[in-house]
1. In degrees, nearest 10, range 0 to 90: what is the angle between the Cα axis of helix 97-112 and the longest Cα principal axis of the chain?
2. Just from its helices, what would the mean residue ellipticity at 222 nm be for the chain, if runs of 4 or more DSSP H residues each count -39500 (n - 2.57) and the sum is divided by every residue, rounded to the nearest 500 deg cm²/dmol?
3. Please list, ordered by chain and number, the residues whose modelled amide H lies under 5 Å from the amide H of residue 46; skip anything fewer than 5 residues away on the same chain.
4. For a paramagnetic label modelled at 7 Å from the Cα of residue 38 toward its Cβ, which residues of the range 8-23 fall within the zone defined by backbone nitrogen distances under 15 Å?
5. Using alpha carbons only, how many degrees (0 to 90, rounded to 10) separate the axis of helix 51-60 from the longest principal axis of the chain?
6. How much length is gained on full extension from residue 101 to residue 1, taking 0.36 nm per residue of separation minus their Cα-Cα distance?
Amino acid sequence: MGFRLALADAGIGLPEDRVARGPFAYETGYEALPALLAAAEPPTAVFCGNDVVAIGVLNAAPAAGMKVPDDLTVVGFDDLPMAAWEVFRLTTVRHGLGELARQAARLLVRRIGGEVDRAGERLVLPTEFVPRATHAPAR
């Protein structure tokens, strides 16, 4: 949702046919990339829901004839320790997993206690862009 909101703020839409869904697993990225690239206007960048999906995309790119970052920018989310490994050097978005877990537990306790209604409560936590080697400058 945050990604869509940022795109909207920049005046960019994200059509549903440009979105691949699946588990936060390597296979999701690996299997989704060929379908995304088969579009009439293939993407020049892929933003993944987590770093593991992004690593799947990174590994599928050469088989699809794509060079990262020359032909395709790949960005993950989470900043797992292996994202910084020399073999990946994945550009990603870092967030505080510990704080996310604390806030989720706090909201759950409030919900169980009847303090938060079914619609829930919106909470936005800070993130940090971590540029590494898998993104190209904007064109």
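Since every read-out is calculated from the coordinates, none of them should be taken as a lab result. All values reported here derive from a predicted model rather than from experimental measurement. Don't worry about glycine lacking a Cβ; one is built from the backbone with ideal geometry, like all the others, and counts go over all protein chains shown.
1. Helix 97-112 sits roughly 40 degrees off the main axis of the chain.
2. Calculated at 222 nm, the ellipticity per residue is -10000 deg cm²/dmol.
3. 73, 74, 75
4. Zone members listed by number: 17-21.
5. 20 degrees
6. Taking 0.36 nm per residue and subtracting the Cα distance, the gain is 34.2 nm.
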